[in-house]
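Take a look at the structure below.
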Amino acid sequence: MEQQTAVQEEQVFFSSKNSQLAKARKSIWATMLITLVLGVLISRGSFATILVTAGIVLIVLLPVDLMLRRHLKSGQALVTLTDDAIESPSFSGKVKRILWEDVERVSVEAIQGTPYLRFFLKASVSLPDKRSFWTGANPAQPRLVLSPFAPDVQEQFLDAVNQRLSTTGGADPASRPAICNEIREEREFQEQLKALAPNPWATYALIGLNMLIWLATLTLGASFMYTPAEKLLLWGGNAASEVQRGEWWRLLTATFLHSGFMHVAMNMLGLYTAGVTVERIYGPRLFLLVYFASGLVGSAMSLHFSAQQVVSVGASGAVFGITGALLVAVFQHRDKLPKSFSKQMISGIGFFVIYSLIQGFGRQGIDNAAHIGGLLGGCLAAFILPERFDMEHFKRTFASRAVAAMVAATVATVGLAAAAPKAVVDQARIFATAEFLERGLKGFQSALMVLQQDQNDMKSGRRSEREVDDRSRTVHAPAFRKVVADLSQATLRPGDRREPVLKDALRLSELLVEALGMDSVFVEGNPKPQPVNPARMAQLEAELKTVGERLTKDVEQLNKKR
């Protein structure tokens, strides 16, 4: 029996204005604008800095924009389907036209979130089956990027390719497996997911609350780009020394504080990116449970590391926990979810977590302990909590699992916080040091000037030796005693360059208190007062000379380093 093949019309597909690539171009230009604005703010009007920032932005992003424009030319046919071939200038490699009879099979793949259609050609096609080191292209497996098309056009295109494969080319085209239209499957799944929570209010509420608190700190004296640690500690920042004094509430309040605009902006972007999906999977109440559990566990973990020596703030621990919960949910149900969705989520989240942690270990000022703690807290909660993929199971286990997750998070938080080693740095005392140190050093200089003035008055005859001797006990010794009281309360961080100056100024003041406060005796026939303990006075004068010379050198070294 003779087989007949229906002749199909030529099909042409054009790029879409609402495609993923078109949106990417808009994002690029928005990024360029935001970067330039931030450059202007940071530069404070410096034309050279603005020019350098603009140059860097253009050098980095302009080539990317030009590459995207190549796929988005209005009116240009990106793909043409005929009875015998598929043709496209967007094919990777030199071959831009592929015969249907040369196709072994076709699959849809996602590479770094970008969908591709990969064609596996038959061995009879004389093309090298080897991936290029520089471009990543394999001539025997040409790829066609799908992102220039809008999602609905992508679905239509895949259906059209499926139809061509099943009706044209080769002796038995039906033997080729049809393409699984994963784009349609993912769209339908996303629609079902969105229907569970059309308005993810909990995510929006958390973003709004974080931004509102950051704006409130600006009115209280915070800086737009960077806020001093002493202010963050005052407002509720996390520090081991303060938590160990009983201020456990800092574990929570620290997660709503941020050091500057970029800090809060990046955290809120991460929260929005992962939070919407997680809220739809777990529902708003369990989503909030995961968020707060992750933030608290992250803060408790930080007590063992970063918060030992610095003030830790930020929602990044909670954000890492949200991404961890999403990773767990997708991994546990990967067999039931669309393959493209599960693959993209697992690879994308995995890359984000690993990259962020590596960045954190390589840069100062990033609390990786809070990130890891938050990630583990989110994963732990997600393993316990039910997802809404099975609503019957979700409703049946919601209450018991929620209680179990809260208990687990509480135990983890309390256990980690209680097991934290004693704080290396007393943050409150260090930040109070500025006042004590300034007052003490000013008092030290003032007392020295008054003492020197009395010596000059005695030499000029304006004061007698007996009067000056009396003033040493009634005026000068009390003045240096106040200096000792202030300087002894000043605590500097380990490695602070002012530490030698503080140490020697304190010691010099202690020696002067003892020397000036020592009683004197007057021997008949000698108008000069004699110390009641001449041997001890000789020791004090020798040490005063040594410490005074050392203090002078300390101040000179400190001024050189500034």
Close pairs (7 angstrom Cβ cut-off, 6 or more residues apart or separate chains): closer than 14 Å to Asp102 by Cβ in region 159-170, modelled with pLDDT of 85 or more and among the charged types (D, E, K, R) anywhere: Thr168/Asp83; Thr168/Asp84; Gly169/Asp84; Gly169/Glu101; Gly170/Glu101
For region 279-299, state whether one or more residues are free of Cβ contacts under 8 Å to residues at least 60 places away in the same chain and farther than 30 Å from Lys395 by Cβ. no
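Every residue, every condition in (1) among the aliphatic types (A, V, I, L, M); (2) farther than 28 Å from Thr323 by Cα; (3) in contact with a Pro (Cβ under 7 Å, 6 or more places away or on another chain), yes or no:
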{"site": "Leu206", "(1), (2), (3)": "yes, no, no"}
{"site": "Leu212", "(1), (2), (3)": "yes, no, no"}
{"site": "Leu234", "(1), (2), (3)": "yes, yes, no"}
{"site": "Asn238", "(1), (2), (3)": "no, no, no"}
With the condition being closer than 30 Å to Ala197 by Cα, I'd like the helices (runs of 4 or more DSSP H) fully within region 226-328 carrying at least 2 qualifying residues. 250-253, 261-282, 284-302
For residues in region 113-158 being among the hydroxyl-bearing types (Ser, Thr, Tyr) and in contact (Cβ under 8 Å) with a residue 60 or more places away in the chain, which is surrounded by the most Cβ atoms within 10 Å (Cβ to Cβ)? Ser147
So, Phe436, is that one over 30 Å from Gly283 (Cα atoms), over 25 Å from the mean Cα position of the chain (by Cα) and either assigned to a helix (DSSP H, G or I) or in the same structural domain as Ser356 (by TED's automatic domain parsing) (or both) or not? yes
The residue from Leu508, Leu558, Leu551, Leu516 that alone is under 25 Å from Gln427 (Cβ atoms), touching a residue at least 40 places away in the same chain (Cβ under 8 Å) and not hydroxyl-bearing (Ser, Thr, Tyr) is Leu558
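Report yes if Phe352 is assigned to a helix (DSSP H, G or I), among the aromatic types (Phe, Trp, Tyr) and either touching a residue at least 24 places away in the same chain (Cβ under 8 Å) or in contact with a strand residue (DSSP E or B) (Cβ under 9 Å, 6 or more places away or on another chain) (or both), otherwise no.
In short, yes.
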Looking at region 399-419, is at least one residue in the same structural domain as Glu230 (by TED's automatic domain parsing) and of a type in the set (D, E, K, R)? yes
Go over the candidates Val475, Val483, Val513, Val532 one by one and state the one that is touching a Ser or Thr at 6+ places or on another chain (Cβ under 7 Å) and surrounded by 14 or more Cβ atoms within 10 Å (Cβ to Cβ). Val483
Yes/no for Ala428 being closer than 30 Å to Met301 by Cβ, of a type in the set (Gly, Ala, Ser), under 43 Å from the mean Cα position of the chain (by Cα) and in a helix (DSSP H, G or I): yes
Can you say whether Val95 is among the β-branched types (Val, Ile, Thr) and surrounded by 17 or more Cβ atoms within 10 Å (Cβ to Cβ), as far as the supplied structure shows? no
Picked from region 516-529 (must be surrounded by 10 or more Cβ atoms within 10 Å (Cβ to Cβ) and small (Gly, Ala, Ser)), the residue farthest from Phe480 (Cα to Cα) is Ser520
Number of the condition not met by Gly495 [criteria: (1) at negative phi; (2) outside any helix (DSSP H, G or I); (3) surrounded by fewer than 14 Cβ atoms within 10 Å (Cβ to Cβ)]: (1)
Can you confirm whether Thr323 is assigned by TED's automatic domain parsing to the domain that holds Ile372, crowded, with 23+ Cβ neighbours inside 10 Å, polar (S, T, N, Q) and in contact (Cβ under 8 Å) with a residue 60 or more places away in the chain? no
Subset of region 254-306, residues hydroxyl-bearing (Ser, Thr, Tyr), farther than 14 Å from Thr203 by Cβ and surrounded by fewer than 23 Cβ atoms within 10 Å (Cβ to Cβ), comes to Ser306
Which condition breaks for Gly314 when tested against (1) more than 16 Å from the chain's Cα centre (by Cα); (2) at positive phi? (1)
Cβ-Cβ below 8 Å, separation at least six or inter-chain, first residue in region 211-235 and touching a residue at least 24 places away in the same chain (Cβ under 8 Å) and under 15 Å from Thr255 (Cα atoms), second of a type in the set (D, E, K, R) and surrounded by 17 or more Cβ atoms within 10 Å (Cβ to Cβ): which pairs? Thr217/Lys231; Leu233/Glu242
Here's a check for you: in region 382-397, which residue that is under 32 Å from the mean Cα position of the chain (by Cα) and not in a loop (DSSP other than H, G, I, E, B) is surrounded by the fewest Cβ atoms within 10 Å (Cβ to Cβ)? Phe383
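The values are calculated or read from the model by the stated rules, or taken from the named source; none is laboratory data. All of these numbers come straight from a predicted model, not from anything done at the bench. Counting neighbours? That spans all protein chains shown, and the Cβs are built from the backbone with ideal geometry, glycine included.
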